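Only one structure is covered here, and it is reproduced in the block below.
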Amino acid sequence: MASCRPPFVTRCRRPVRRSTPLRYAPHIASQLTTVNSASTTSRQVGKLVQRYPASVQALIVASRETLTSAFPDSAESVDMKAGLLGYSYGPGYAGVVATLILSKSGVKIGLPHSATFKDPAGLLAGAGKVHKHIAITTTAQLRAPAVRALLRQALDAWRARSVAHN
């Protein structure tokens, strides 16, 4: 098989085709690919979920249901490399309303701009000055009123940001 580069070249750059132009923050743009087709998303989510133990797989399914009900009509995007799902209402990082970060021990619901949210239950964790997450280890946690309140705040915050940008 012929190489695309001469022996003295150390790298070969090929153009990458994306279905939509990405305008995410630089640290996310290289990894997050928005998927337009629901069937493609389902296949990619299936492949991603298979990487995790059965107990975490059930937690992922329940978390996805919670996020899709909390953020109706949001687009779900899959990042296979980072092992996360993104939920957004528009292109770019400004459209992101939540992320679902997967791990071997559970999931985390990432909420952009959540450092300013009211959190009387103390569920928000993380060292970030802007973004925080909610660690989820059981499906019962997803039904907690405090989690639902934080998800409502995330949606309200996105609405406020989108009005400010328009």
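Taken across segment 136-147, residues that are in a strand (DSSP E or B) and at pLDDT 95 or above do occur, with at least one present. Scanning segment 105-113 turns up no residue that is small (G, A, S) and touching a Lys or Arg at 6+ places or on another chain (Cβ under 7 Å). Among the residues of segment 115-136, those identified as surrounded by 16 or more Cβ atoms within 10 Å (Cβ to Cβ) and either touching a residue at least 24 places away in the same chain (Cβ under 8 Å) or over 18 Å from the mean Cα position of the chain (by Cα) (or both) are F117, D119, L123, L124, H133, I134, A135, I136. Taken over segment 42-87, the criterion of being in contact (Cβ under 8 Å) with a residue 40 or more places away in the chain, closer than 22 Å to H131 by Cβ, hydroxyl-bearing (S, T, Y) and not in a helix (DSSP H, G or I) is satisfied by S77 alone. Every listed requirement among (1) under 16 Å from E65 (Cβ atoms); (2) crowded, with 16+ Cβ neighbours inside 10 Å is met by T139 save one, (2).
The values are calculated or read from the model by the stated rules, or taken from the named source; none is laboratory data. In this text, all values refer to a predicted model and were calculated from it rather than measured experimentally. Note that we place each Cβ from the backbone using ideal geometry, even for glycine, and neighbour counts take in every protein chain shown.
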